[in-house]
2 protein chains.
Amino acid sequence: MIRSTATATTLMGLASLPGAGTAQVSQDAGAAGPQPGPRTRTIGIVLFQDFETLDVFGPVQMWGRLADHALGFVTADGQPVRSSQGSVIVPDWSFASAPQFDVLMVPGGQGTRPLVEDAALLGFVRQQDGSTSWTTSVCTGAAILARAGVLDGRNATSNKRAFDWVKRQSDKVTWHGRARWVVDGKYVTSSGVSAGTDMALALVERLYDRATADEAAHRAEYRWNDDPQNDPFAVADS
Amino acid sequence: MIRSTATATTLMGLASLPGAGTAQVSQDAGAAGPQPGPRTRTIGIVLFQDFETLDVFGPVQMWGRLADHALGFVTADGQPVRSSQGSVIVPDWSFASAPQFDVLMVPGGQGTRPLVEDAALLGFVRQQDGSTSWTTSVCTGAAILARAGVLDGRNATSNKRAFDWVKRQSDKVTWHGRARWVVDGKYVTSSGVSAGTDMALALVERLYDRATADEAAHRAEYRWNDDPQNDPFAVADS
């Protein structure tokens, strides 16, 4: 990942951080595990105030060391944001400076509640979605995708404890109450929080192969729930 | 959590972040879920360059909204660090400015390899451990605890893919090759990466009760592996 803006890192005094301001591949130099070559594709994760912590970092664990995908974070203004569980993350881009992503991911959390009305975010999602290979969400991030209109006519799922609220965001989406995650074309939406980790591995399988997904899970000593129909937190569809 | 230093937040220009520079409880105002009162106890998580992402953020998901525990991050110099999966986190404290923690957690990752020789970190761990209620680790974080000497004479576990390296760090620890996590007195060590999430819930049960732990898991749509003997990634003890 070549940073297309140095604004955040410069302001934050991160120039001395290994890997900062350079292609992300450099941070892996000398570390164990597969040594990636130049990463030609980009996974972009949207962050906002009060995002849900594990929505983001389960997928980051599984996506953060792929051979051909660099991973970065984008916030509306390129400034840090804080998760609902109190973690402050420094993003790589603002909406204005972000490159076209190959994979877009929108997490959920309390922060999504006002954002379903946020024209800048919805516009950014629509713009990115125009050229992504995969557009994904975890938890109530599906509400953002739905309000952006990119799930119109699609099958999708979301957090089961916020399912009624999510469904109200769009009646043009077929919402599934029993699904750990749903794939419809290039759209992959997951259920709540930890379901994002299972969805992330399913995407690794599609981007690479089963062995790569299994290895990512094993490295994390993670027992992948690899059946999208196995949803311990299912609710009725309507 | 009252921040005992404003250095990092001021340098980082985070003064405008909701919740920054104030008691952490304020960030939860208006959010769903239990509304905590003033949090009188502190969970401190040590971060360093190339920490493993999910080692930290699985527990953060489960510990970040407890009624009576504020959660914060500490780095040696109070400056941000980057995880092995490429996430830059802004800490709350340096070693010098950190308060006494009630719960100390040391994660693992590639970054632990040089740190088992790091006198400043080992000294900080020993100093904190002198007055913690619980001293915990995820993954190869146990190697740091072992080298600090605080696990001498104790039972412990660690990442099973780095188990031989961890065992070499101390022969005064009884290392368990089959354990999702191990509790010995106030010391709680977990196996690799995602095992930290299960350990974190076990600690919630001890700090509060089973219902609180179950609720934290359910909120995250997480199927808690609540049996510390159920270790799908077990290896021989020696």
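Quick look at the values:
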quantity	calculated
Peptides ranked, highest mean first, by Cβ atoms within 10 Å: ranges B:83-93, A:189-199, B:67-77	A:189-199, B:83-93, B:67-77
Separation of alpha-carbon centers, region B:151-195 and region A:45-113, rounded to whole Å	32 Å
Amide H contacts of B:PHE73 (H built 1.01 Å from N, under 5 Å, at least 5 apart or other chain)	B:ILE45, B:ASP92, B:TRP93
³J(HN,Hα), Karplus 6.51/-1.76/1.60, whole Hz, each residue of region A:76-90, x for Gly, Pro	3, 10, x, 9, x, 10, 10, 6, 4, 9, x, 10, 9, 10, 8
Under-5 Å amide H pairs with A:VAL81, H placed in peptide plane, nonlocal only	A:ILE89
Equivalent ellipsoid semi-axes, region B:45-219, via Cα gyration tensor eigenvalues times 5, rooted, Å	21, 19, 16
Neighbouring partner chain Cβ atoms per residue of A:192-200, average, 10 Å criterion	4
10 Å Cβ neighbours from other chains, averaged over peptide B:210-222	4
Backbone HN-Hα couplings from phi across region B:189-194 [Karplus 6.51/-1.76/1.60, Hz, Gly and Pro as x]	10, 10, 6, x, 6, 5
Value of relative contact order over region A:45-219, rounded to a whole percent, pairs C-alpha under 8 Å and six or more apart	21 percent
Other protein chain Cβ atoms within 10 Å, averaged over every residue that makes up A:46-53	3
Candidate lysines for bridging to B:LYS160, where Cα separation is under 28 Å - those fewer than 8 sequence places away on the same chain excluded	B:LYS172, B:LYS186
Simple label model, 7 Å out from Cα along Cβ direction - B:THR40 to B:LYS186, nm	1.7 nm
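Coordinate-derived values only; no laboratory data. Please read these numbers as outputs of a predicted model, since none were measured by experiment. Cβ sites come from the backbone with ideal geometry, for glycine too, and all protein chains shown count toward neighbours.
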